[in-house]
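Take a look at the structure set out below.
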Amino acid sequence: MEDNKIIDLYWARDDAAVVETSIKYGGICHGVAMGILHNRQDAEECVNDTWVRAWQTIPPERPNAFKAFLCRITRNLSIDRYRQNQRRAKHIDMEQILDELAECIPDREEVGFGDTLNTFLDGLEPLERKLFLGRYWHACSVKALAATYGLTPNHVSVRLHRTREHLRKYLTERGYKS
């Protein structure tokens, strides 16, 4: 079906507009979304959201280049979804970091804890301190720390685990309970 006839269906508020749009432009819109998201389910959701957005926009808008109009909507929705996924991934990383520390940090902040932690950090070897602060203060991934310091990710994980164990023991000896 020609674009003008599809747009006329939107103006008439005929549900067939969405069906015809999907038949004619579903593939290209899916390709746009996949190129950004690299996830079939997210791409399909963005394409479906494109049809909803087109329905909400036409009328009053009457796009001259219908294909470009749809691809722009899909692109914008896909970029928004990509950003949302990135934020969610960072949130998950932070939860993992906090879970790692939960074994050795007290449940509630106690008087003098900050000074005790600083004393512990001052007593670490420089690389151990850099890895610990990189992971638990700056929220760097194990992979990023490994690349920064020329180590393998496994080596970094083992060192961080040993440092956490050392911290747990250090805090327990000073009366802090996790």
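Within the bounds of the stretch 10-21, is there any residue that is in a helix (DSSP H, G or I), surrounded by 12 or more Cβ atoms within 10 Å (Cβ to Cβ) and of a type in the set (G, A, S)? Break it down stepwise before answering.
Restricting attention to the stretch 10-21, the residues satisfying the condition of being in a helix (DSSP H, G or I) are 10-11, 16-21.
Now narrow it down to the ones that are surrounded by 12 or more Cβ atoms within 10 Å (Cβ to Cβ): 10-11, 16-21.
Pick out the ones that are also of a type in the set (G, A, S) and you get 16-17.
Within the stretch 10-21 (the criterion being in a helix (DSSP H, G or I), surrounded by 12 or more Cβ atoms within 10 Å (Cβ to Cβ) and of a type in the set (G, A, S)), the answer is yes, since at least one residue qualifies.
Of the residues Y149, Y136, which single one is farther than 29 Å from L37 by Cβ and touching a Gly at 6+ places or on another chain (Cβ under 9 Å)?
Testing whether each residue is farther than 29 Å from L37 by Cβ and touching a Gly at 6+ places or on another chain (Cβ under 9 Å) leaves just Y149.
If the Cβ limit is 7 Å and pairs must be 6+ apart or interchain, which residue in the stretch 5-32 that is under 17 Å from E61 (Cα atoms) pairs with which residue that is of a type in the set (D, E) and open to solvent by 40 Å² or more (accessible area, probe 1.4 Å)?
I6/E20; L9/E20
Given the condition more than 19 Å from V19 (Cβ to Cβ), basic (K, R), in a helix (DSSP H, G or I) and open to solvent by 40 Å² or more (accessible area, probe 1.4 Å), answer yes or no: does some residue in the stretch 52-72 qualify?
Checking the stretch 52-72: at least one residue is more than 19 Å from V19 (Cβ to Cβ), basic (K, R), in a helix (DSSP H, G or I) and open to solvent by 40 Å² or more (accessible area, probe 1.4 Å).
The values are calculated or read from the model by the stated rules, or taken from the named source; none is laboratory data. Remember, predicted model here, so these are calculated numbers, not experimental data. Because the Cβ atoms are built from the backbone with ideal geometry, glycine has one as well, and the counts that use them run over all protein chains shown. The accessibility values were calculated without ligands, DNA or RNA, using every heavy atom of the protein model including side chains. Shrake-Rupley method; radii C 1.70, N 1.55, O 1.52, S 1.80 Å.
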